[in-house]
């Protein structure tokens, strides 16, 4: 078993990433769809009215006076600064990093900059969810939003004093990318936030994610970095958790906050549209990371792992996923030919 110094040495990041990370103290980053209050698409709304339970939230709190709503300063894309956005590929993807992997055989079918470490934004929450579930903490335990969560990010409908079960917080973190919900899960971990971050990094190392590093549970910090290959390993591992699979593809959730029902939507429009057979997904965005997306989805009956980092444009990461779907569907049986096999 490697000692701690081995782990520290192998998870060192490229110097250029550390230099850029030092410039990013605060970042703007909440998933755009999590802030929407419009109702979900008709085809998903009716469905979730029937099945929306884990324990539909009964939370009613009032926003305290003086709650900050200031915006977090913008920061440039790391990939853009590294010149990755200028690189072309045969699928004309808009993402700076992309991978397509056969989940069953671990064969790499397509790759673009697979070994470049970049900020991953809210894709971090998949690791957060695994660490929470690994702790076996009771999912029905009531947790309360405190100043520790409020000060992390001002833009949230989970105001000071909101009470959630751990299960509800996990659902909002995975489905709607709620940053305060993610922070709430970490601060209520045995040993507190520092122990949680340590557990995230040890989990990453155990999964073979040696080019990844985690410094917060939300993904707001640009120092949360990974590669396309490491994120494929993260997808493989998180797919083994039933709740992560279920909650990440939950279309919407209604909560009562400030005496008003609030609709939280899934941040992935492909989930809400229902056009792809998605088994697990997570989106992410901060300016330093660009638009990010990881998914497990079946195309032509083949379970695929899809990774897209630093996609340019609000909808381009989803368009990249559709391009890959069309590409796979255009091939006959036995194609496309694998490039190599992902080492585990």
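Determine which single condition residue 157 fails, assuming it passes every other condition in (1) surrounded by fewer than 24 Cβ atoms within 10 Å (Cβ to Cβ); (2) at pLDDT 95 or above; (3) touching a strand residue (DSSP E or B) at 6+ places or on another chain (Cβ under 6 Å).
Tallying (1) surrounded by fewer than 24 Cβ atoms within 10 Å (Cβ to Cβ); (2) at pLDDT 95 or above; (3) touching a strand residue (DSSP E or B) at 6+ places or on another chain (Cβ under 6 Å), residue 157 fails exactly one: (2).
With the structure loaded, tell me whether residue 263 is at pLDDT 90 or above and either outside any strand (DSSP E or B) or more than 17 Å from the chain's Cα centre (by Cα) (or both) or whether it fails that test.
Numbers: at pLDDT 90 or above: yes; either outside any strand (DSSP E or B) or more than 17 Å from the chain's Cα centre (by Cα) (or both): yes.
For residue 263, the condition - at pLDDT 90 or above and either outside any strand (DSSP E or B) or more than 17 Å from the chain's Cα centre (by Cα) (or both) - is met.
What is the number of the single condition among (1) under 22 Å from residue 117 (Cβ atoms); (2) crowded, with 24+ Cβ neighbours inside 10 Å that residue 183 does not meet?
Among (1) under 22 Å from residue 117 (Cβ atoms); (2) crowded, with 24+ Cβ neighbours inside 10 Å, the lone unmet condition for residue 183 is (1).
Is it true that some residue in region 282-291 is out of contact with any strand residue (DSSP E or B) (no Cβ under 6 Å at 6 or more places or on another chain) and closer than 19 Å to residue 95 by Cβ?
Yes, that holds for at least one residue.
Just to be sure, is residue 221 buried (at least 21 other Cβ atoms within 10 Å of the Cβ) and either in a loop (DSSP other than H, G, I, E, B) or in contact (Cβ under 8 Å) with a residue 12 or more places away in the chain (or both)?
Values: buried (at least 21 other Cβ atoms within 10 Å of the Cβ): yes; either in a loop (DSSP other than H, G, I, E, B) or in contact (Cβ under 8 Å) with a residue 12 or more places away in the chain (or both): yes.
Taking the combined requirement at face value, the residue satisfies it.
For residues that are surrounded by fewer than 21 Cβ atoms within 10 Å (Cβ to Cβ) and in a strand (DSSP E or B), tally how many sit in region 279-322.
5
Return a yes/no flag: does region 239-257 have any residue that is part of a loop (DSSP other than H, G, I, E, B), at pLDDT 95 or above and touching a strand residue (DSSP E or B) at 6+ places or on another chain (Cβ under 6 Å).
So far as region 239-257 goes, yes, one or more of its residues are part of a loop (DSSP other than H, G, I, E, B), at pLDDT 95 or above and touching a strand residue (DSSP E or B) at 6+ places or on another chain (Cβ under 6 Å).
Yes/no matrix, rows are residues, columns are (1) within 24 Å of residue 233 (Cα to Cα); (2) at pLDDT below 80; (3) more than 22 Å from the chain's Cα centre (by Cα); (4) surrounded by fewer than 21 Cβ atoms within 10 Å (Cβ to Cβ):
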position	(1), (2), (3), (4)
65	no, yes, yes, yes
71	no, yes, no, yes
81	no, no, yes, yes
100	yes, no, no, no
105	yes, no, yes, yes
113	yes, no, no, yes
126	yes, no, no, no
129	yes, no, no, no
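The values are calculated or read from the model by the stated rules, or taken from the named source; none is laboratory data. Keep in mind it's a predicted model, so treat the numbers as computed, not measured. Cβ: placed from backbone, ideal geometry, glycine included. Neighbour counts: every protein chain shown.
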